[in-house]
Amino acid sequence: MSLAFSLKKIISSRSLVNKVLTTSLSFPKRFQSTAYKNILIDVRGQNKDIGFIQLNRPRALNALNAELMTELEQAVTKFDSDPSIGCMILTGSNRAFAAGADIKEMQNKSFSEVCKGNFLSNWTALAESKTPIIAAVNGFALGGGCEIAMMCDIILAGEKAEFGQPEIVIGTIPGAGGTQRLTRVVGKSKAMEMVLTGDRISAKDAELYGLVSAIHPVESLVNEAIKLAERITRHSKLTVQLAKEAVNSAYETTLAQGINHERRLFHATFATNDRKEGMTAFVEKRKPNFTDL
């Protein structure tokens, strides 16, 4: 082995070590002890206030097995309970956000087993999070993948993304909210067509039907999601949570009940320091200094 090659190898090794150490040091200590097998987590944004979760079962196109969903629930709960996190981003790979639930895992389950165990009842962390969650969807978002995307508050799609509820093709139906959330977003007729045929829709059609907020190039999708998250996290975290609750109530109540709930939440902001600071800053023509109180 030549001396030049040996030196090059040493320098390369040191660079790798430095890169690992730098990444480790920039990642908040409160999250460093958490090791996951099926997801990757990070903290993003200029102020390190964006919880970043990436589904990571590339060989299975991020199929959602029990272990992955348990890890996802843990990660979402951890970010949601951290006062420094003002928004979360959930994404997959460029090829697949999540191609559905793990069919091999479900194949031999019996009615008695899924009924007594209330199968899929733990797929709730995303929907129950107080912190806003942005789904950055590239590639396939099918079956359970489409369902967990719809559990998020905002969906951004890569230009090659595909959405669908193809459970009918394998002799079953959606079981984690697909028939309910999809219908509320795209309307009964289109939801019925997608559920009964198993047909997919493109990112362009998903935007047309109101399923996604915007479409971006595949390579820039995550960065665009981070930019959107940063626009959210600049505001009072407390007020953002109240605003999210108000919008979500529109899907679960009558119009009159929703308006009454919204008014009560609006009144509640007058008990916060951030409401007073926001209005005072506006009057004084300066940027508000929110303290999330």
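The values are calculated or read from the model by the stated rules, or taken from the named source; none is laboratory data. A quick note: this is a predicted structure, and the numbers were derived from the prediction, not measured. All Cβ positions, even for glycine, are placed from backbone atoms using ideal geometry, and neighbour counts span all protein chains on display. The protein model used for the area step is the full one, side chains on, heavy atoms only, and it has no ligands, DNA or RNA in it. Shrake-Rupley method; radii C 1.70, N 1.55, O 1.52, S 1.80 Å.
Details
- Where both bridge residues fall in region 45-186, DSSP classifies roughly 5% of the beta bridges as antiparallel.
- Residue by residue, region 199-204 carries 3J(HN,Hα) couplings of 5, 9, 10, 7, 4, 4 Hz when phi is fed to the Karplus relation 6.51 cos²θ - 1.76 cosθ + 1.60 (θ = phi - 60°); x denotes Gly or Pro.
- Which of Arg181, Arg200 is most accessible, then next, and so on - probe 1.4 Å: Arg200, Arg181
- Short-range pairs are left out: with C-alpha atoms under 8 Å and at least six residues apart, the relative contact order of the chain is 14 percent.
- For region 203-293, with +1 on Lys and Arg beta carbons and -1 on Asp and Glu, the positive-most of Ile232, Tyr251, Leu208 along the dipole: Ile232
- GNM top mover of Ala256, Ala99, Ala161 - the chain, alpha-carbon springs below 10 Å: Ala256
- Answer label, with P(r) over Cα pairs in 10 Å bins from 0, in percent calculated from the coordinates and candidates (1) 6, 24, 31, 22, 11, 4, 1, 0; (2) 5, 25, 35, 26, 8, 1; (3) 7, 28, 34, 22, 9, 1, 0: (1)
- Largest mean-square fluctuation among Leu238, Leu255, Leu55, in a Gaussian network model of the chain whose springs join Cα atoms under 10 Å apart, belongs to Leu255.
- Of the DSSP H helices in the chain, those that are both long (alpha-carbon extent of 24 Å or more along the helix axis) and hydrophobic (Kyte-Doolittle mean at least 0.5) are 3-26.
- The base-10 log of I(q)/I(0) for region 51-171, evaluated at q = 0.13, 0.14 Å⁻¹, reads -0.50, -0.58 [Debye formula, identical scatterers on Cα atoms, solvent excluded].
- Counting DSSP beta bridges with both ends in region 108-203, the antiparallel % (nearest 5): 30
- Region 172-234, relative contact order [Cα under 8 Å, separation at least 6], %: 22
- In the chain, the calculated helix contribution to ellipticity at 222 nm averages -14000 deg cm²/dmol per residue, counting -39,500 (n - 2.57) for every DSSP H run with n ≥ 4.
- Kirkwood analysis of the Cα pair distances in region 171-220 returns a hydrodynamic radius of 11.8 Å.
- For the chain, share of DSSP beta bridges that run antiparallel, in % to the nearest 5: 30
- Solvent exposure of region 174-256 as accessible area per residue, Å², 1.4 Å probe: 57
- Accessible area of Glu113 (1.4 Å probe, protein heavy atoms only, ligands and nucleic acids ignored): about 90 Å².
- Candidate residues Lys78, Lys37: accessible-area rank, largest first, probe 1.4 Å: Lys37, Lys78
- Springs join every pair of Cα atoms under 10 Å in this Gaussian network model of the chain, and among Gln74, Gln165, Gln257 the largest mean-square fluctuation is at Gln257.
- Percent accessible area from carbon and sulfur atoms, the chain, protein chains only, probe 1.4 Å: 56
- Around the Cα centre of the chain, unit charges on the Cβ atoms of Lys, Arg, Asp and Glu (plus for the first two, minus for the last two) sum to a dipole of about 960 debye.
- Rg followed by Dmax, in Å, when region 181-293 is reduced to its Cα trace: 18.7, 58
- Per-residue HN-Hα couplings for region 82-95 [Karplus 6.51, -1.76, 1.60; θ = phi - 60°; Hz; x = Gly/Pro]: 8, x, 7, 8, x, 6, 10, 10, 10, 9, x, 10, 5, 7
- Figure note: Leu242, Leu40, Leu196, Leu208 ranked by solvent-accessible area, largest first, 1.4 Å probe, ligands and nucleic acids not counted: Leu208, Leu196, Leu40, Leu242.
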